[in-house]
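Enquirer: Once you've had a glance at the structure underneath, I'll fire off some questions.
Please treat every number below as a calculation from the coordinates, not as lab data. Everything numeric in this text was worked out from a predicted model, so none of it was measured. In this analysis, Cβ positions are derived from the backbone assuming ideal geometry, glycine residues included, and neighbour counts consider all displayed protein chains.
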Amino acid sequence: MSNTTQEKNIMAYETVALDDENSALVILDQTKLPISTELVNLCTAQEIWDAIYLLKVRGAPAIGVAAAFGIYLLAKGIEAQDFDTFHQEFCRQKEYLNSARPTAVNLSWALNRMERVCTDNKALPVSEIKQKLREEAIAMKEEDIRVCKAIGEHGLTLVKPGDGILTHCNAGQLATCKYGTATAPIYLGQERGYNFRVFADETRPLLQGARLTAYELQASGVDVTLICDNMSATVMRNGWVNAVFVGCDRVAANGDTANKIGTSVVATVAKRYNVPFYVCAPTSTIDMNTPTGGDITIELRPAHEVTDMWYEKPMAPAGVKVFNPAFDVTDHDLIAGIVTEYGVVRAPYEESFKKLFERKAGERK
Ligand code: MRU
């Protein structure tokens, strides 16, 4: 079910929310922005899967939280009273949701975390496990807000008032539950009078930069300039960019990172012009089970996104071969630092990540 809402500032909307009374996952449909603001209620597994696949809800952290609420709602609908039957059906639904998109590790990370709630509490009645799943999904949303804010604080130490910042795709509030990752330093700086000048790449072919990043930054009063993807070298050569902040869908153990297609081009250009290139990523996006960028599955998307979408008429010869990867890998040697909720991680990444996860494990005890 979809309903167009009364227009208010886009920053006042929740990207992902739970409407437990109506057993619905409520998302802000990002495919409609910025033209229209529509909240959509998702109730079935198919509706949740489609919303993730079609990028109605998108951005690694938002996908993770949507999946957590989604699997809770699906678990709530399981009628089985014995743990084994409940768990079997839970895993079937979990695998289905997990198949919606392959690159952002936050999807499987969130679903695995939800499954652990089931197995850790298997001795409890199924009704109590369902309550614990609800609590965990809500905790993940709250955690995302805290984590993004911490990324913002650490990112802010890397820039100074008046700086020019370039970003690619949308790693903004719309991709998370608040603040964004790459935009978190920008929003915190904005609150503190830093007066950044931000360049937002439009991000072909799905235009997340133009439709979402430019929209949310402008709505927040940030000085934002929209540029085409092929203009980043020009603004960097002109000396207008002091730092690049981008988000990330998966960080491999060696520090290679997968993010929206075109990110590695920006990183390469930044290296050429000595502009530090920072990846902003919560620790939930670091995947120590993926050794290098070459081991990351890159999602391939349909050709019409390149040939037809956004054009009044198709703009490519009918039947032309199209290569449409949704993400690319930025090699770790192009990355000046990875900004996490624990601080800025520097090369050698594998070693630094091990220390980071030891610290995280220590804090949980
Ligand atoms: O295909 P999308 O729009 O989901 O791609 C999103 C990105 O590449 C983001 O930069 C990434 O998920 C990080 S969001 C904080």
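Enquirer: Under the 0.36 nm per residue contour assumption, what length would be gained going from the current alpha-carbon distance of C228 and T292 to full extension?
Expert: The span from C228 to T292 would gain 20.1 nm if fully extended.
Enquirer: How much net charge surrounds F199 when only the other residues with a Cβ under 13 Å from the Cβ of F199 are counted, with Lys and Arg +1 and Asp and Glu -1?
Expert: In short, -3.
Enquirer: Between their Cα atoms, which of K160/K355; K76/K260; K76/K355; K94/K122; K94/K132; K56/K271 are more than 26 Å away from each other?
Expert: K160/K355; K76/K260; K76/K355; K56/K271
Enquirer: Separate question: Using amide H atoms built in the peptide plane, which far-off residues or other-chain residues are under 5 Å from C280 H to H?
Expert: When sequence neighbours closer than 5 places are left aside, the close amide H contacts are V246, G247, V339.
Enquirer: Another question, if that's okay. Order of 172-181, 69-78, 128-137 by packing, highest average Cβ count within 10 Å first?
Expert: With the highest mean Cβ count within 10 Å placed first, the list reads 172-181, 69-78, 128-137.
Enquirer: While we're here: Pick out the long, greasy-scoring helices in the chain: whole DSSP H runs spanning 15 Å or more along their own axis by Cα, mean Kyte-Doolittle at least -1.0.
Expert: Length and hydropathy pass: 60-76, 105-120, 126-156.
Enquirer: Is any residue of segment 286-326 close enough, with backbone N under 20 Å, to a label point placed 7 angstrom from the Cα of R359 along the Cα-Cβ axis, and if so, which?
Expert: Under cut-off, by backbone N: 286-289.
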